[in-house]
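The values are calculated or read from the model by the stated rules, or taken from the named source; none is laboratory data. On a predicted model such as this, the values are computed, not experimentally measured, just so you know. Every residue, glycine as well, gets a Cβ built from its backbone with ideal geometry; the counts of neighbours run over all protein chains shown. These accessible areas exclude ligands, DNA and RNA; they are computed on the full protein's heavy atoms, side chains included. Shrake-Rupley method; radii C 1.70, N 1.55, O 1.52, S 1.80 Å.
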Amino acid sequence: MKEIYISELKTNSEMQGLFMVKSIAVKIGANKKQYLDLLLGDSTGEITAKKWDVADEELPALSEIGPQDIIKIKGAVTEWNGLRQIRVARLRKSVTEDQVELSDFIKSAPEKGEEMYSFIIGKANAIKDNDLKAICVQFLSKYREKLLYYPAAQKNHHAELGGLLYHMKRMLMTAERICEVYTNLNKDLVVAGVILHDIEKINEIEADELGMASGYSFEGQMLGHIIQGIVTINKMAEELEVPQEKAIMLQHMILSHHYEPEFGSPKKPLFPEAEILHYLDMIDARMYDMQEAIAATSPGEFSERIWTLDNRKLYRVKE
């Protein structure tokens with residue numbers, strides 16, 4: 001077991017512990033001095049760290065540290081812009097991955113990839129509309145191996161091992177219950193929309209088999225998963241001879257699920273199933289962020305500011 005986890009770090013306290021490097025860079029501050037900028041992670045979350053006034057003679061040793069290395073840090077936990085941050089006094093690359101329990105350092109979905117995939121492909125096969133079923137099953141089958149470990153984001157909600165499947169599964173679970181209430185909804189279309197809405201995150205984000213995202217692909221940066229998804233659906237619909245109206249409705253669901261132009265959607269939903277897809281996505285993303293924030297907060301206290309929740313501080317009820 002690790003000595004201390006990120007979720008246990010307290011502001012205004014001394015600390016030391018092992019963490020995985022997510023990113024590392026030597027930068028120049030406003031005072032024209034070099035400093036080390038780190039993003040550290042473990043199974044409970046991420047935290048930024050800074051080592052100020054880095055001397056030239058320190059650079060050779062620092063250059064040997066890279067993403068996925070496990071390092072030992074000694075320093076103090078401070079606060080900046082409402083968020084915890086480590087002020088590093090000393091650090092060193094102390095261990096290799098085979099000397100630690102890697103699961104202590106990798107954030108992952110609480111369910112196994114194989115089990116989540118089995119649940120989702122089962123829902124795809126249960127779709128009654130043969131055209132929608134064919135597209136969903138083809139996508140899930142083609143990307144099965146990647147889906148087992150892929151995150152749903154580089155940062156923010158579901159940026160974890162198996163995060164994309166976990167996001168998809170919980171949306172499907174909620175979708176089934178919503179369709180029981182709003183019986184006017186075409187359940188097959190809602191289910192297909194959930195399975196396919198983030199279809200191209202697999203090609204937008206660059207990630208390894210630990211579920212760690214290192215950045216975005218060239219196509220991902222130039223187009224983004226919404227446009228990539230529309231192109232993919234168009235190709236698949238042609239291959240499977242899906243009627244044009246169904247293909248366009250699926251494309252529109254992908255196009256509009258972010259709802260606002262500033263978030264990548266040039267059109268808002270124009271039919272009920274597209275509208276509900278947006279809210280299913282929002283519900284799961286926000287509940288994830290809230291759950292993560294509250295888990296890292298002591299009962300009776302407020303969390304750090306959560307950027308994805310409009311910089312709100314969340315309160316954890318006393319137990």
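Quick rundown of the values:
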read-out: Exclusive hit being within 20 Å of H258 (Cα to Cα), open to solvent by 70 Å² or more (accessible area, probe 1.4 Å) and not hydroxyl-bearing (S, T, Y), set Q221, Q228; value: Q221
read-out: Failed criterion for T78 (all others in (1) part of a strand (DSSP E or B); (2) touching a Leu at 6+ places or on another chain (Cβ under 6 Å) hold); value: (2)
read-out: Of all residues making up the stretch 120-152, the number that are in contact (Cβ under 8 Å) with a residue 24 or more places away in the chain, surrounded by fewer than 16 Cβ atoms within 10 Å (Cβ to Cβ) and in a helix (DSSP H, G or I); value: 3
read-out: Long-range neighbours under 9 Å by Cβ, at least six apart or interchain, first residue farther than 16 Å from Y5 by Cβ and aromatic (F, W, Y) within the stretch 286-303, second open to solvent by less than 60 Å² (accessible area, probe 1.4 Å) and at pLDDT below 85; value: Y288/H157; Y288/H158
read-out: Residues satisfying the stated conditions in the stretch 247-268, i.e. open to solvent by less than 20 Å² (accessible area, probe 1.4 Å) and in contact with a His (Cβ under 8 Å, 6 or more places away or on another chain); value: M253, I254, S256, H257, S265
read-out: Residue match in the stretch 47-60 (condition: open to solvent by less than 70 Å² (accessible area, probe 1.4 Å), farther than 25 Å from A109 by Cβ and assigned to a helix (DSSP H, G or I)); value: yes
read-out: Residues (polar (S, T, N, Q) and either at pLDDT below 95 or farther than 18 Å from G122 by Cα (or both)) located in the stretch 157-185; value: T183, N184
read-out: Residue within the stretch 190-212 that is over 17 Å from the mean Cα position of the chain (by Cα) and exposed (fewer than 15 other Cβ atoms within 10 Å of the Cβ) present; value: no
read-out: Test: G41 is modelled with pLDDT of 90 or more, assigned to a strand (DSSP E or B) and either at negative phi or not polar (S, T, N, Q) (or both); value: no
read-out: The stretch 295-319 - residue that is in contact with a Lys or Arg (Cβ under 8 Å, 6 or more places away or on another chain), closer than 23 Å to Q154 by Cβ and not polar (S, T, N, Q) and, of those, least open to solvent (accessible area, probe 1.4 Å); value: L309
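Each row is one residue, and each column tells you yes or no for (1) within 25 Å of E180 (Cα to Cα); (2) part of a helix (DSSP H, G or I); (3) more than 21 Å from the chain's Cα centre (by Cα).
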site	(1), (2), (3)
M253	yes, yes, no
L280	yes, yes, no
A285	yes, yes, no
T308	no, yes, no
K313	no, no, no
